[in-house]
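K.L.:
My structure is below; once you've seen it, I'll send some questions.
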Protein chains: 2
Amino acid sequence: MPLLMLKDLPRYECLLEAAREFPDLDPSATEVFLHLLRAGDEAFRVVESHLAQHDITQGRFGVLMALWGNDRGGEVRPPLSPATLAERTGVTRATMTGLIDTLERDGLVRREPDPADRRMMTVKPTRQAVALLTRILPGHFQRMAALMLPLTESEREVLVSLLQKIANQASTLSPTGDGSAAPTAEVAARG
Amino acid sequence: MPLLMLKDLPRYECLLEAAREFPDLDPSATEVFLHLLRAGDEAFRVVESHLAQHDITQGRFGVLMALWGNDRGGEVRPPLSPATLAERTGVTRATMTGLIDTLERDGLVRREPDPADRRMMTVKPTRQAVALLTRILPGHFQRMAALMLPLTESEREVLVSLLQKIANQASTLSPTGDGSAAPTAEVAARG
DNA sequence: GGCAGATAGTTAGGTGGCTAACGACAATTG
DNA sequence: CAATTGTCGTTAGCCACCTAACTATCTGCC
């Protein structure tokens, strides 16, 4: 996707050298950060290129998965609104409007007004969407499995727990993670 | 950034349940995949929001870092071309054209024709770019360090090695990783 | 009832990513 | 030398992401 800054990551010696000039630079932290972004980016691209073979993008796929997940599990659940989809897939409502536009144009989704609240719409997947997912998912799962093939089960557990620590820490640092001023002030104290 | 598909990751029991329906679904692999993308995305956003405070984006920051890195280390190195910058930052040449456009508009880089090869341009950072980086970098390093604070040094080493395994595996699976047909055939064998 | 504030969806404008195709030029090869 | 082949930068068009602002509607409080 769009987030890799350096194709060839800097060697560790270069980080050590740069750390002499910048006391704030933590070489091992920087190294983890760069490897995290690179691994995430490459894993993302593997899946993305597969979805592209079915003429679908990650954003649209996420919407279809959210809709599909809502329609499974026996119980009858109310259809989802654009706002709910935006929240579950992690994009803004404005972005969701665009995604639903293209999905609707391609016949994968239908918009219908919500009978109870006239501000709201409901979004429902069409049969073609279900058929498309049925075609895509096996290969999608195979690729995720193939990506993790080099890792043993215990390595996977370790990796998940370490990634969770980073994600939790990011939540406390990020503006969306609430905390607002406190972490910024602390981090920027020396800036 | 744009790569998270599910804000709240599915619980492991749901993955186990879904695996009964989809024999290709490897629950632990899927879990690692989702955590990897989420952690990468959140870490990315932490840094991105800091850069945004200085009116700069990740893509532009990457270009400036590449230019800055080229001008350091004593030796006189020839200025970089857009094609080289594209390769080092991992985007296409077309994308680099756009990035350089906005950087030039904002007075952070200058384009000059290459005297030796009239197809080529050279891209040089301005003084303002150096000043901007000097302002940004301390906070940038602080944020990377803060993100990794919950990890011990040995955990960082383990994490890097596990991430490397995934990145290597992605290279063998992805179309850019050469291999072209072979991995696809293997992965799709059961599809 | 009536008005203030919150919420849903959209629109407008900007950015950055991609592919495909181009013109200009360089390098190779007959 | 001429022709082919390849490379560089750009352009055009698409998509997805964002923020900010808008309209319509609902909710709650006087």
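K.L.:
I'd like the residue in segment B:39-58 that is farther than 16 Å from A:Arg38 by Cβ, facing chain A (nearest Cβ under 7 Å) and not hydroxyl-bearing (Ser, Thr, Tyr) and, out of all such residues, is most open to solvent (accessible area, probe 1.4 Å).
P.N.:
The extreme case among them is B:Arg45.
K.L.:
If I go through segment B:114-126 residue by residue, how many of them are modelled with pLDDT of 95 or more and either within 13 Å of B:Ile56 (Cα to Cα) or not aliphatic (A, V, I, L, M) (or both)?
P.N.:
The total comes to 4.
K.L.:
If you don't mind, another one. Out of the residues in segment B:81-103 that are at the interface with chain A (Cβ under 10 Å from one of its Cβ atoms) and open to solvent by 70 Å² or more (accessible area, probe 1.4 Å), which is farthest from the chain's Cα centre (by Cα)?
P.N.:
B:Glu87
K.L.:
Another one. Taking segment A:129-165, which residues are within 16 Å of DNA strand D (Cβ to nearest atom) and either surrounded by fewer than 20 Cβ atoms within 10 Å (Cβ to Cβ) or of a type in the set (S, T, N, Q) (or both)?
P.N.:
Result: A:Leu133, A:Ile136.
K.L.:
Taking the criterion of being outside any helix (DSSP H, G or I), among the hydrophobic types (A, V, I, L, M, F, W, C) and more than 9 Å from DNA strand C (Cβ to nearest atom), would at least one residue in segment A:82-99 satisfy it? Break it down stepwise before answering.
P.N.:
Filtering segment A:82-99 for residues outside any helix (DSSP H, G or I) gives A:90-92.
Among the residues that remain, those that are also among the hydrophobic types (A, V, I, L, M, F, W, C) are: A:91.
Adding the requirement that they be more than 9 Å from DNA strand C (Cβ to nearest atom) leaves A:91.
Checked segment A:82-99: at least one residue is outside any helix (DSSP H, G or I), among the hydrophobic types (A, V, I, L, M, F, W, C) and more than 9 Å from DNA strand C (Cβ to nearest atom).
K.L.:
Look through segment B:59-80, keep the residues that are more than 12 Å from chain A (Cβ to nearest Cβ) and open to solvent by 40 Å² or more (accessible area, probe 1.4 Å), and return whichever of them is nearest to DNA strand C (Cβ to nearest atom).
P.N.:
Initially, segment B:59-80 is screened for residues more than 12 Å from chain A (Cβ to nearest Cβ), giving B:67, B:70-71, B:75-80.
Then keep just the ones that are open to solvent by 40 Å² or more (accessible area, probe 1.4 Å); that gives B:71, B:75-79.
Details: B:Asp71: 21, B:Glu75: 23, B:Val76: 22, B:Arg77: 19, B:Pro78: 14, B:Pro79: 17 Å.
Restricting to residues being more than 12 Å from chain A (Cβ to nearest Cβ) and open to solvent by 40 Å² or more (accessible area, probe 1.4 Å), the top hit is B:Pro78.
K.L.:
Out of (1) under 21 Å from B:Val47 (Cβ atoms); (2) touching a helix residue (DSSP H, G or I) at 6+ places or on another chain (Cβ under 7 Å), the odd one out for B:Val123 is which?
P.N.:
(1)
The values are calculated or read from the model by the stated rules, or taken from the named source; none is laboratory data. Note that the structure is predicted; figures quoted are calculated from it, not measured. Neighbour counts are summed over all protein chains in view; Cβ atoms, including those assigned to glycine, are modelled from backbone coordinates with ideal geometry. Side chains included, ligands, DNA and RNA excluded: accessible areas come from the protein's heavy atoms. Shrake-Rupley method; radii C 1.70, N 1.55, O 1.52, S 1.80 Å.
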